[in-house]
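One structure is given here, and the rest of the page talks about it.
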Amino acid sequence: ERGGNNSFTHEALTLKYKLDNQFELVFVVGFQKILTLTYVDKLIDDVHKEFRDKYRNEFQQKGTLGLLNGTFDFKDDFMRLLRDAEESSKVRAPTVMKTFEQSLKSQKTVKCMIETRGEKPKEKVKNKKNKGSKKEGTEAVAAPSKASAGDKQPSAAGEKEELTKDEILQKNREEFFKRHMKAGEKSRSPKPEAQKEKGKKPRVWDLGNSNAKVLDYSNSATNGSAEACPAEEFDPDIALGDRNREPGRLYDLEYESDDEAEEEKVIQNPSKPSAKKGGLGGMFGMLKGLVGSKSLTREDMDPVLEKMKDHLIAKNVAAEIAVQLCESVAKKLEGKVMGTFTTVTSTVKQALQEALVQILQPQRRVDVLRDVMDAQRHRRPYVVTFCGVNGVGKSTNLAKISFWLIENGFSVLIAACDTFRAGAVEQLRTHTRRLNALHPPESHGGRTMVQLYEKGYGKDAAGIAMEAISYARNQGFDVVLVDTAGRMQDNAPLMTALAKLIAVNAPDLVLFVGEALVGNEAVDQLVKFNKALADHSMAQTPRLIDGIVLTKFDTIDDKVGAAISMTYITSKPIVFVGTGQTYCDLRSLNAKAVVAALMKA
């Protein structure tokens, strides 16, 4: 799935590789990373071509493993190719600068460089013509007036012939502006100035409340404290959504693929006759596009890959990643021998689907419940930090994850470390109150399942997180969820503050919250967040993003490309998917469902 990147770096070494899909060979060259060897690509291409041509017959008779497990002599050929590659890359002599006699300037005479009054050099006249269509448009507007005036004033036309082109243009422009200025003055009629009333009147809406005192909260004595705020009355069905669900279970995303839809149509209409084509034309039409027992070439795949690339971009996959994906599929299939009744399109589509599923299933799987239980055994809280840009749904999805953890029997402490955005603490306080109403202490043996730790606004977020973790350890909370302020990836001071919070508190899991609506921006956000965390961390091995929370997934229909972009660029898993407005609208990623939506026409 990453065949587009033909190099791999490990510590001080760099490996470059090339695939031969026809004979299932991999050619690898390794060298010191510090060396800049310009001939490596040429060397690996030459070795590939020479080795394949030399042992082509043996490959076909014995098979690839039969030859490689036996004896073969390629050392002399390799040393010869290495010498040739080194020779070709030797530094060439620098190009000698031209002398004045060889330059074009020396061929010009003094006479051609003298400008006479009233004339313009030819080069400059040409440049004036190409400068833009604005001057040409002005000439076109002024042309009718010249034609009408030409009959009345023949002497004036004779004078204009003596003027230069620029002077004529300037004169016409002045006449044009004078004429329009006069017309504008005639059309204007003196209007009596309306006397404006001083001061500004408040707008009163038709359906609004005219009593402003009802909406005035400025003199509230509660000051946002939980004790002074009355308990909210709300409908649990609205907060929970589906009542028939299994408590504590994280359901997979669901999506019906095209194949399933087609199968249903066939079952529903079994008696519908298929359209028939007459004679041999129908047979040849059916066989059109089939590749029979021949190896695929880049020319065969290019039209299909171009369509696939446009399709991926239309589905919100970042353009750069769509190109890399198609390139990796081409490298994987180039030279591969196809079956008799297999189309190029279906082969490329199948390879792309497999690559996309592999991308969405990274090697490291994040199992939050298992990790929380492991932290419980060590008698410490499991700490999760949420970060991301403004307005992606960090606080809302933090509340959903809190609800999921509570339903699995874990107590949660929410640390309000967004000390910048107005209303951020109050938002978390409301969620805490609602979660406690849904899971009251009476249902859990008198134990408060969720609590908010906050210190107000304008404080140091890293310090609040540290105090919250210490408080959770003393009070026996299982999980600490740290909410941080939204920040743009280009804001260096805020990114430094986030790196400090993560470096100081060393959370178990750093989750990047990103919305499914973005396309190319997803790559920019993740790359810059990771880079900022690496640059501003003082640790030798800095903590980067461990996983992704993909929000607003219910708003995009089948344009699911952001999931591919985010996992491809970071190689990190999508841990949670937010799909709605209730506490139960949290899902785990189903790679096959996402790929089915992505490949839908």
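The values are calculated or read from the model by the stated rules, or taken from the named source; none is laboratory data. These numbers come from a predicted model, not from an experiment. FYI the Cβ positions are ideal-geometry reconstructions off the backbone, even for glycines, and counts take in every protein chain you see. All accessible areas refer to the heavy atoms of the entire protein, side chains included, with ligands and DNA or RNA removed. Shrake-Rupley method; radii C 1.70, N 1.55, O 1.52, S 1.80 Å.
Worth pointing out:
- Residue, modelled with the lowest pLDDT, within the range 523-547, restricted to residues that are open to solvent by 20 Å² or more (accessible area, probe 1.4 Å) and not in a loop (DSSP other than H, G, I, E, B): H536
- Selection over the range 458-483 of residues that are among the hydroxyl-bearing types (S, T, Y) and more than 19 Å from A375 (Cβ to Cβ) gives a count of 0.
- Meets criteria (of a type in the set (F, W, Y), assigned by the TED database to the domain that holds A497 and over 30 Å from the mean Cα position of the chain (by Cα)) for F410: yes
- Restricted to the range 34-49, and to residues there that are touching a residue at least 40 places away in the same chain (Cβ under 8 Å) and over 16 Å from L13 (Cα atoms), the residue that is least open to solvent (accessible area, probe 1.4 Å) is L43.
- Screening P440 with (1) under 31 Å from the mean Cα position of the chain (by Cα); (2) open to solvent by 30 Å² or more (accessible area, probe 1.4 Å) gives one miss only, at (1).
- Unmet criterion (only one of (1) assigned to a loop (DSSP other than H, G, I, E, B); (2) over 13 Å from the mean Cα position of the chain (by Cα)) for T496: (1)
- The single condition from (1) surrounded by 22 or more Cβ atoms within 10 Å (Cβ to Cβ); (2) over 17 Å from the mean Cα position of the chain (by Cα) that L550 fails is (2).
- Positions within the range 580-601 being β-branched (V, I, T) and within 18 Å of L405 (Cβ to Cβ), in sequence order: T582
- Taking the criterion of being more than 22 Å from K349 (Cα to Cα) and either outside the structural domain of L405 (by the TED database) or in a loop (DSSP other than H, G, I, E, B) (or both), the residues of the range 551-588 that qualify are K552, I556, S571, K572, P573, T579, G580, Q581, T582, Y583, C584, D585.
- Yes/no for A591 being open to solvent by 30 Å² or more (accessible area, probe 1.4 Å), modelled with pLDDT under 90, over 30 Å from L438 (Cα atoms) and not assigned by the TED database to the domain that holds H311: no
- Test: residue in the range 62-81 that is of a type in the set (S, T, N, Q), open to solvent by less than 90 Å² (accessible area, probe 1.4 Å) and at pLDDT below 80: yes
- Here G446 qualifies as outside any helix (DSSP H, G or I) and either surrounded by 14 or more Cβ atoms within 10 Å (Cβ to Cβ) or in the same structural domain as Q376 (by the TED database) (or both).
- Count - residues of the range 303-320 that are surrounded by 23 or more Cβ atoms within 10 Å (Cβ to Cβ) and not in a loop (DSSP other than H, G, I, E, B): 1
- Test: residue in the range 83-99 that is more than 30 Å from D46 (Cα to Cα), surrounded by 10 or more Cβ atoms within 10 Å (Cβ to Cβ) and at pLDDT 65 or above: yes
- Complete set of residues in the range 336-374 that are in contact with a strand residue (DSSP E or B) (Cβ under 8 Å, 6 or more places away or on another chain), within 21 Å of A563 (Cβ to Cβ) and either part of a helix (DSSP H, G or I) or open to solvent by 60 Å² or more (accessible area, probe 1.4 Å) (or both): L360, V368
- Look at the range 295-318: where a residue is among the β-branched types (V, I, T) and a partner is surrounded by fewer than 18 Cβ atoms within 10 Å (Cβ to Cβ), sitting 6+ places away or on another chain with Cβ atoms under 6 Å, you get V304/T345; I313/A319.
- In the set (1) closer than 26 Å to I321 by Cβ; (2) open to solvent by 70 Å² or more (accessible area, probe 1.4 Å), N474 fails one condition alone, (1).
- Qualifying positions in the range 375-394 - open to solvent by less than 10 Å² (accessible area, probe 1.4 Å), more than 15 Å from L413 (Cβ to Cβ) and either of a type outside the set (A, V, I, L, M, F, W, C) or assigned to a helix (DSSP H, G or I) (or both): G388
- Those residues of the range 7-33 which are outside any strand (DSSP E or B) and either open to solvent by 90 Å² or more (accessible area, probe 1.4 Å) or in contact (Cβ under 8 Å) with a residue 24 or more places away in the chain (or both), in sequence order: E11, N21, Q22, F23, E24, K33
- Among the candidates L517, L452, residue that is outside any strand (DSSP E or B), assigned by the TED database to the domain that holds Y382 and either within 29 Å of the chain's Cα centre (by Cα) or farther than 14 Å from G388 by Cα (or both): L517
- Residue selected from the range 499-514 under the condition assigned to a strand (DSSP E or B) and among the β-branched types (V, I, T), by the criterion farthest from R365 (Cα to Cα): V513
- Helices (runs of 4 or more DSSP H) contained in the range 41-105 and holding at least 1 residues in contact with an Asp or Glu (Cβ under 6 Å, 6 or more places away or on another chain) and farther than 25 Å from G335 by Cβ: none
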